[in-house]
Structures are given as structure tokens and as C-alpha cells.
1. What is the ratio of the Cα radius of gyration of the stretch 2-98 to 2.2 N^0.38 Å, where N is its residue count, to two decimals?
2. What FRET efficiency would be calculated for the residue pair residue 79, residue 41, taking the C-beta separation as r and a Förster radius of 25 Å, to the nearest 0.05?
3. Under the 0.36 nm per residue contour assumption, what length would be gained going from the current alpha-carbon distance of residue 86 and residue 9 to full extension?
4. Just need the relative contact order of the stretch 2-98 here, percent rounded to a whole number, with Cα pairs under 8 Å and 6+ apart.
């Protein structure tokens, strides 16, 4: 997936959620980036609630509807959810060289 780095504003190739553990690095500025956890949880919960409710309304067993929703989410997440996820800055290792202004800490 092509996304834009929030630190250096350059295009980078973002790995899929299944290929990373917690975070990844920008190839340009070496900033540590991560997928937005709030969006991951929100999209997952919305998908599971909507699909489970629709299947229950269509007369499906509740347990079976929940299982179908979880399995379809697992297979559809890389196609539907991951391209919509934002990436956020987790940590900047070279913060002083990236700051656009000078700081003066002396009194």
C-alpha cells in the first residue's frame, strides 16, 4: 500500500498488518511509524456488528453468524480495511535534525 509519511511527507510502501509486529520505519527519514490502532479496532467492530446483525436478521443462527462474520473479516481485511488505515508517527529518532526551528533551553 502506498501512503504518505507524516514526518517527511514522502510516499512510502506500507507493509501489511500481518507482516509487521508493532511498527515499521520510513525509508526516507527513519521515523518509526505505526498503523492507527483506533481505526483498526473501529473498522473491525463496525464490520463484525453489521455483518452479524444482517445474518441474524436473515434468520441465521447467532453463533454461526458470528463465526461467518469473523472468518470473512479475516479474509477481507487486507482488501477492504487496510487500504483505508492511516499511519501515524510513533517516534522520531533524530528529532533535533528534523525540527524546522531552533530551540534555546538556556535561561
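1. Values: Rg = 17.4 Å, N = 97, 2.2 N^0.38 = 12.5 Å.
So the Cα radius of gyration is 1.39 times the expected 2.2 N^0.38 Å.
2. Calculated value: 0.85.
3. Result: 26.4 nm gained on full extension.
4. 36
Readers should treat all values here as calculations from the given coordinates under stated rules, not as data from a laboratory. Everything quoted here is computed from the prediction, not taken from an experiment. Virtual Cβ from ideal backbone geometry, glycine too; neighbours counted across all protein chains shown.
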